[in-house]
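Quick note: the coordinates plus some simple rules give every number you see, no bench work behind them. Since the structure is predicted, the reported quantities are computational estimates derived from the model, not experimental observations. Reconstructed Cβ throughout: ideal geometry from the backbone, glycine too, with neighbour counts over all protein chains shown.
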Amino acid sequence: MRPKTPFPANFGEFCRRGINRVLSLRGATRQVRTLEPDVYEAEGAVIVVFDAPGVNESDVQLKYVDGEVLVRIDRFRPVTQEFELVVDGRPMSYDGRASLPEGASVDPAEAEARLTEHGTLRVIVPKTDDVATTANG
């Protein structure tokens with residue numbers, strides 16, 4: 001004999017749908033995620049590192065504005081006929097901003113960006129040689 005329960009027979013399905021709805025709403029509010037950078041300074045360059053899993057090089061936009069490296073990533077989720085997306089929890093866009101060290105004289109026109117297969121974006125901004133410029137200038 002089955003024990004009496006105050007819950008209807010379809011209570012499990014009701015809970016699953018409710019949880020999926022909450023997760024979907026959470027995903028909808030997180031469509032743009034902020035990327036937090038690491039900033040390293042070496043003798044000849046400043047290196048900014050962002051973690052951006054699941055992106056391709058074509059998804060990345062970089063800018064240098066007033067001593068900051070700005071990144072915008074818009075990635076795309078492949079459409080599949082095999083499966084239906086039930087919970088949309090991963091953001092599709094990322095924004096990141098990294099202030100370069102105060103007083104660092106850099107040449108943003110010579111900056112290079114590399115995206116690893118694991119989704120690590122490294123932006124290498126070479127420093128300028130202010131001493132040589134001042135001596136020749």
* Asked: If the chain between I47 and E110 were fully stretched, how many nm would it gain, using 0.36 nm times the residue separation less the Cα-Cα distance?
  -> 21.4 nm
* Of K127, K63, how do they rank once you tally other Cβ atoms within 10 Å and put the fewest first? -> K63, K127
* Burial ranking of peptide ranges 117-124, 54-61, 81-88 (average Cβ count within 10 Å, highest at the top) -> 117-124, 54-61, 81-88
* Kindly state, to the nearest 0.05, the FRET efficiency for E13 paired with D95, given R0 = 35 Å and r defined as their beta-carbon distance. => 0.40
